[in-house]
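The numbers here are math on the coordinates, done by the rules we state, and not lab data. Computed from a predicted structure; not experimentally measured. Here the Cβ positions follow ideal geometry from the backbone for every residue, glycine too, while neighbour counts run over all protein chains shown.
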Amino acid sequence: MTDVLVVLCTCPDSAVAAKLGGGLVENGFAACVNILPEIRSIYRWRGELHNDGEVLMVAKTTRQAYPDLEAWLQKHHPYDVPEILAVSALEGSGSYLEWVKNQCQKIQ
């Protein structure tokens, strides 16, 4: 197992995802954020069934940076309860994993 995490976070549209993704990288909470357009989310919210178009952010970060990443997303995300899921990267290219670790340092 590595110290690298892959974080999934849905957003209402690509403009919001770009703003949030840029903030994560700019602040050193994520090394990279990919934005996948045109996903469909089906879920219940406050007793109603929803079927909404969204975009998905995929952020690469470290276990050490994750608490700051999550707190920043909670503060800046427009959803009341944003989807923020972290998955451990069990394996990966050594040079890429090292790059992620080097990028995920708080910007002073």
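Using 0.36 nm per residue, how much length does the chain from Ser41 to His76 gain when fully extended, once their Cα-Cα distance is taken away?
Working: separation 35, 0.36 × 35 = 12.60 nm, distance 2.07 nm.
Extending this stretch completely gives an extra 10.5 nm.
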Checklist entry - Applying the Karplus parametrisation 6.51 cos²θ - 1.76 cosθ + 1.60 with θ = phi - 60° to the phi angles of the range 24-32, what ³J(HN,Hα) value in whole Hz is obtained for each residue in order, glycine and proline being reported as x? => result 5, 6, 4, 8, x, 7, 9, 7, 7
Checklist outcome for this item: The exposure ranking of Leu24, Leu85, fewest beta-carbon neighbours within 10 Å first, is Leu85, Leu24
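Quote the convex hull volume per residue of the range 4-103, based on C-alpha atoms, as a whole number of Å³.
On the way: hull volume 9.9 nm³, N = 100.
For the range 4-103, the hull spanned by Cα atoms encloses 99 Å³ per residue.
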Checklist entry - How far is it, in nm, from the label point at Leu90 to the one at Glu26 when both lie 7 Å from their Cα along the line to the Cβ? => result 3.7
Next on the checklist: Relative contact order of the chain, please, whole-number percent, based on alpha carbon pairs below 8 angstrom and at least 6 residues apart.
Outcome noted: 43
